[in-house]
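As structure tokens, the structure follows; a few thoughts come after it.
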Amino acid sequence: GLTMTSKETSMEVQEQHNTIHWFRKGLRLHDNPSLLHALRTSRHVYPVYVVDSDWMKEYKIHCGANQWRFAIQCLQDLDAQLRMYGLRLFVVRGSAIDFFREHFPKWKITQLTHDVDTEHYHRFRDAAVRKLAGDMGVDVVNYVAHTLYNIDKIIEYNGGSAPLTYRKFQRVLNEFGKPPEESEPATAEHFANCSLPPESLQDDKYNMITLEELGLRCEYPAKFVGGETEGLRRLERHLEDQGWITTFEQPR
């Protein structure tokens with residue numbers, strides 16, 4: 001697989017891939033360099049999110065009803081934004097590997113894009129997906145976007161181990177300099193040349209997941225609503241509060 005920094009997304013590439021963009025943590029159109037790469041290099045883009053309950057159980061990834069409600073609200077908001085641009089979100093139930101094995105040939109996929117994740121359970125799964133993609137002739141393109149810096153490069157620079165004190169961490173980061181700037185948001189212009197075949201748009205097998213489907217329920221209304229749209233609205237509201245901005249102090 002190819003791992004890039006966000007600076008490299010500024011290249012205008014005109015290839016015509018059929019791409020699966022695998023959404024994971026970055027459920028947003030802003031500052032999402034791997035999504036931008038997919039939009040810039042593809043004629044068909046299939047945005048996918050995978051819910052694999054067995055994989056979560058295997059690695060003891062626990063998620064309560066409130067967390068799932070927040071995640072589903074994020075997915076709903078993302079799906080609504082994608083539909084404004086003629087795409088949609090495919091919410092997959094089950095194994096990512098099984099899904100890709102079936103859909104790489106079914107959708108004639110030539111490229112898979114996603115963010116780099118750092119947790120060990122993601123790395124095991126990503127390695128297996130990368131091998132499958134290689135065997136099936138699918139390019140894998142990754143961008144570092146969830147973390148400010150490329151964690152592997154920090155460990156490599158520190159002699160193969162993580163810097164375990166804050167002072168050592170600061171020393172390493174001083175050598176690295178400022179993190180890359182965020183990538184531009186994906187806009188109508190980026191989506192203009194990408195589409196989905198009509199039968200995929202209408203395939204209800206991969207419609208939105210629900211709390212009921214997961215066997216969960218929330219007794220109370222959501223205090224914090226999920227989704228990029230709501231997150232940006234809250235950010236704007238905070239930035240309008242000049243008192244909050246001018247009296248802000250760094251933690252001591």
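The values are calculated or read from the model by the stated rules, or taken from the named source; none is laboratory data. Being a predicted model, the structure only gives us computed values, none of them experimental. Ideal geometry is used to build each Cβ from the backbone, glycine not excepted, and the neighbour counts take in all protein chains shown. Accessible surface areas use protein heavy atoms only, side chains included; no ligands, DNA or RNA. Shrake-Rupley method; radii C 1.70, N 1.55, O 1.52, S 1.80 Å.
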So which pairs qualify, if the first residue must be in segment 135-158 and under 17 Å from V45 (Cβ atoms) and of a type in the set (S, T, N, Q), the second must be outside any loop (DSSP other than H, G, I, E, B) and open to solvent by 40 Å² or more (accessible area, probe 1.4 Å), the Cβ gap must be under 7 Å, and the two must be at least 6 apart or on different chains? N142/L2; N142/T3
Which one of F100, F169, F104 is at pLDDT below 95 and either assigned to a helix (DSSP H, G or I) or open to solvent by 90 Å² or more (accessible area, probe 1.4 Å) (or both)? F169
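Yes or no, residue by residue, for (1) among the aromatic types (F, W, Y); (2) closer than 27 Å to H37 by Cβ; (3) open to solvent by less than 50 Å² (accessible area, probe 1.4 Å):
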position	(1), (2), (3)
E182	no, yes, no
F191	yes, yes, yes
N207	no, yes, no
E219	no, no, no
F224	yes, no, no
I245	no, no, no
Subset of segment 124-159, residues more than 20 Å from N32 (Cα to Cα), among the β-branched types (V, I, T) and surrounded by fewer than 16 Cβ atoms within 10 Å (Cβ to Cβ), comes to I155
Being crowded, with 20+ Cβ neighbours inside 10 Å and either small (G, A, S) or over 14 Å from the mean Cα position of the chain (by Cα) (or both) is the filter here, so list the residues in segment 111-123 that pass it. Q111
Members of segment 226-243 found to be surrounded by 10 or more Cβ atoms within 10 Å (Cβ to Cβ) and part of a loop (DSSP other than H, G, I, E, B), listed by number: G226, G227, D241
List the pairs whose first member sits in segment 222-242 and is closer than 24 Å to F23 by Cβ and hydroxyl-bearing (S, T, Y), whose second member is assigned to a helix (DSSP H, G or I) and open to solvent by less than 60 Å² (accessible area, probe 1.4 Å), and whose Cβ atoms are under 6 Å apart, counting only residues at least 6 apart or on separate chains? T229/D77
Does D117 fit the bill of being in a helix (DSSP H, G or I), closer than 19 Å to H30 by Cα and touching a helix residue (DSSP H, G or I) at 6+ places or on another chain (Cβ under 8 Å)? no
